[in-house]
1. Could you tell me whether the range 21-39 includes any residue that is away from the ligand (no atom under 14 Å from the Cβ), open to solvent by 20 Å² or more (accessible area, probe 1.4 Å) and at pLDDT 95 or above?
2. Where in the range 155-242 are the strands (runs of 3 or more DSSP E), entirely inside, with at least 2 residues that are under 23 Å from Ala114 (Cα atoms) and under 17 Å from the mean Cα position of the chain (by Cα)?
3. Among (1) away from the ligand (no atom under 16 Å from the Cβ); (2) in contact with an Asp or Glu (Cβ under 9 Å, 6 or more places away or on another chain), which single condition is Gly141 missing?
4. For the condition assigned to a helix (DSSP H, G or I), open to solvent by 10 Å² or more (accessible area, probe 1.4 Å), farther than 21 Å from Ile235 by Cβ and touching a residue at least 40 places away in the same chain (Cβ under 8 Å), what is the one hit in Ala76, Ala113, Ala96, Ala101?
5. Looking at this structure, is Leu66 without any contact (Cβ under 8 Å) to a residue 60 or more places away in the chain, within 16 Å of the ligand (Cβ to nearest atom) and aliphatic (A, V, I, L, M)?
6. Which number in (1) more than 16 Å from the ligand (Cβ to nearest atom); (2) more than 18 Å from the chain's Cα centre (by Cα) marks the one condition that Asp85 misses?
7. Every residue in the range 110-121 that is within 13 Å of the ligand (Cβ to nearest atom) and in contact with a helix residue (DSSP H, G or I) (Cβ under 9 Å, 6 or more places away or on another chain), please.
8. Inspect all residues belonging to the range 162-177 and state whether any of them is without any contact (Cβ under 8 Å) to a residue 40 or more places away in the chain and within 29 Å of Glu100 (Cβ to Cβ).
Amino acid sequence: MWTKSPARPGAGRRDISSGVRVILFGGTGMVGQGVLRECLLDPEVTQVLSVARSSTGQKHEKLRELLHKDFTNFSAVQGELTGYDACFFCLGVSSAGMNEADYTRVTYDYTLAAAKVLAKMKPPMTFIYVSGAGTDSSEKGRSMWARVKGRTENALLALPFKAKFMFRPGIIQPMHGIQSRTKWYRAFYAVATPLFPVLDSLFPHAITTTERVGRAMLVAARRGSNKTVLENADINALAAGR
Ligand SMILES: NC(=O)c1ccc[n+]([C@@H]2O[C@H](COP(=O)([O-])OP(=O)(O)OC[C@H]3O[C@@H](n4cnc5c(N)ncnc54)[C@H](OP(=O)(O)O)[C@@H]3O)[C@@H](O)[C@H]2O)c1
């Protein structure tokens, strides 16, 4: 369960029939939980559809959960994915201990299977993908994960979405009690968390947070961004409304 914080300013001021409707992938994970929290707190977001293999564990009037098992095929649930303004794709795995074929299946195949269906939807939607700092757009470098993420980004950029943004965060500080699903990330955060405030003040572009990633996605979905590929500094600036 997330820790509590005050409702966002403006809550309840807007006619919800004209709001933003979001599809969220990876809503059970660290990044996705952060994004989900910001969506639920944002008065302009009227609907969130979480597509995942298990429940996010959250209950909210704006949240609907679509439990799905086969992430290589969305044809059976296509009808449920129509009528949304944006997709925030936070599903992903660490490449640690994975071979290229298995990492490609989750990273490339799952993402493209969903994106190809969503790219056909009316009205056209904005697609935001979370890759990572160091992603290799050339697809030819030595780092396996970076090549696969690069190939995934390039394939997404070729799809006919209304807009598409590739978020490449580096270090992300989990906020509000959110935890990673990945064991070694949790171990890293247990050690690093006390250092984050110091690092953030010394190197403001080195770190982002789950909260800023979520807010930046919402800003990008609403008003766009002058950059297609966003690193930590860009994510932080967008989240701050700059
Ligand atoms: N955490 C960071 O500091 C960081 C930094 C830069 C980039 N990223 C990127 O951000 C993305 C999300 O990372 P995260 O930290 O949120 O990871 P996480 O906490 O491990 O969560 C991963 C999410 O992906 C889903 N997922 C994983 N494997 C799946 C599968 N085989 N089938 C269906 N769903 C699957 C998980 O669903 P289940 O709950 O069902 O397992 C969960 O919702 C990744 O692409 C990662 O590379 C993370």
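1. yes
2. 163-168, 229-231
3. (2)
4. Values: Ala76 fails: touching a residue at least 40 places away in the same chain (Cβ under 8 Å); Ala96 fails: assigned to a helix (DSSP H, G or I); Ala101 fails: touching a residue at least 40 places away in the same chain (Cβ under 8 Å).
Result: Ala113 is the single residue among Ala76, Ala113, Ala96, Ala101 that is assigned to a helix (DSSP H, G or I), open to solvent by 10 Å² or more (accessible area, probe 1.4 Å), farther than 21 Å from Ile235 by Cβ and touching a residue at least 40 places away in the same chain (Cβ under 8 Å).
5. Numbers: without any contact (Cβ under 8 Å) to a residue 60 or more places away in the chain: yes; within 16 Å of the ligand (Cβ to nearest atom): yes; aliphatic (A, V, I, L, M): yes.
Yes, satisfied.
6. The number of the failed condition is (2).
7. Hits for the range 110-121 are Thr111, Ala114.
8. Among the residues of the range 162-177, not one is without any contact (Cβ under 8 Å) to a residue 40 or more places away in the chain and within 29 Å of Glu100 (Cβ to Cβ), which makes the answer no.
The values are calculated or read from the model by the stated rules, or taken from the named source; none is laboratory data. Everything numeric here is computed off the predicted structure, so don't read it as measured data. Every residue, glycine as well, gets a Cβ built from its backbone with ideal geometry; the counts of neighbours run over all protein chains shown. We work out accessible area using only protein heavy atoms, side chains counted, and drop any ligands, DNA or RNA first. Shrake-Rupley method; radii C 1.70, N 1.55, O 1.52, S 1.80 Å.
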